1. Mind checking which of 143, 238, 175 has the largest fluctuation in a GNM of the chain, springs on alpha carbons under 10 Å?
2. With the convex hull built on the Cα atoms of the chain, state its orientation-averaged projected area in nm².
3. What does the highest-first list of 212-219, 158-165 look like by mean Cβ count within 10 Å?
4. Kindly express, to the nearest 10 degrees and within the range 0 to 90, the angle between helix 167-180's C-alpha long axis and the longest C-alpha principal axis of the chain.
5. Taking the Cα atoms only, what angle lies between the long axis of helix 216-234 and the longest principal axis of the chain, rounded to 10 degrees?
6. Gaussian network model of the chain, Cα springs within a sub-10 Å range: biggest mean-square fluctuation belongs to which of 36, 188, 230?
7. With axes computed from alpha carbons, what is the tilt in degrees of helix 21-30 against the longest principal axis of the chain, rounded to the nearest 10 within 0 to 90?
8. Pop a pseudo-label 7 angstrom from the Cα along the beta-carbon direction at both residue 225 and residue 149 and give the gap in nm to one decimal.
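Read-outs: derived from the displayed coordinates by stated rules, not from any lab. Because the structure is a prediction, the values reported are computed rather than measured. Here the Cβ positions follow ideal geometry from the backbone for every residue, glycine too, while neighbour counts run over all protein chains shown.
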Ligand SMILES: Nc1ncnc2c1ncn2[C@@H]1O[C@H](COP(=O)(O)OP(=O)(O)OP(=O)(O)O)[C@@H](O)[C@H]1O
Ligand SMILES: [Mg+2]
């Protein structure tokens with residue numbers, strides 16, 4: 001039996017009478033039956049209640065929520081309705097950690113969420129500044145929230161004028177730690193770096209692959225290219241060769 005009281009803690013506007021067309025669409029896209037059941041599990045053990053969406057993207061929605069100790073957390077929900085099997089499987093095939101996992105159209109999103117959680121754990125253990133992983137179930141990941149009561153940390157791309165250009169060195173330092181952890185981020189740019197207290201936080205690590213993956217070298221050079229372009233934009237002399245040398249790659 002599903003306990004209605006638990007479901008009421010998912011998303012306040014579920015209860016709102018006057019739902020806008022937009023609200024209804026977001027709600028329907030995110031909360032299909034399987035996702036509701038997955039939430040149910042997490043509401044019993046980790047999440048106290050969900051506050052509001054921080055970001056509604058193509059493939060995932062990120063919510064601000066509160067844990068059982070009353071602290072803010074971030075909850076990333078992969079949208080089952082927006083599943084892109086081909087797009088995801090390229091990053092799972094060739095990853096030895098998932099070599100023995102049976103992959104189907106039906107479960108790939110859960111494997112993806114598991115992969116993102118494992119990547120977060122590995123980076124976090126290696127001292128990379130990523131949101132600490134907290135819990136996960138099915139297509140839902142719970143992690144540390146970056147920001148404060150009044151606002152989530154902005155993306156680097158949205159605070160480029162305000163941020164000190166020295167942040168580039170801090171980003172390269174995070175890249176060095178990621179490389180040492182033998183996991184290539186694969187989508188590193190100002191779109192996946194949050195800035196809080198002048199420090200960079202690396203997010204969105206679902207696509208990160210071990211350095212042994214067939215696409216690892218190509219993904220690494222793209223990450224390096226992106227960050228070199230960012231350095232150029234910010235007026236810092238740090239080209240691709242320089243970054244590669246910092247990572248110990250020649
Ligand atoms: N731990 C966090 N704390 C605060 N804000 C976060 C956190 N994680 C994600 N966000 C916010 O949510 C946004 C989307 O997160 P993320 O980059 O992980 O998802 P995404 O895969 O890019 O989603 P999509 O590609 O579908 O837009 C981020 O740009 C950031 O603004
Ligand atoms: Mg992103």
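1. Judging by the Gaussian network model, the answer is 238.
2. On the way: hull surface 58.4 nm².
So the Cα hull casts an average projection of 14.6 nm².
3. So the order, starting with the most tightly packed, is 212-219, 158-165.
4. It is inclined by approximately 80 degrees.
5. It is inclined by approximately 80 degrees.
6. In this elastic network of the chain, the residue with the biggest mean-square fluctuation among 36, 188, 230 is 36.
7. 80 degrees
8. Each label point is offset 7 Å from its Cα along the Cβ direction, giving 4.6 nm.
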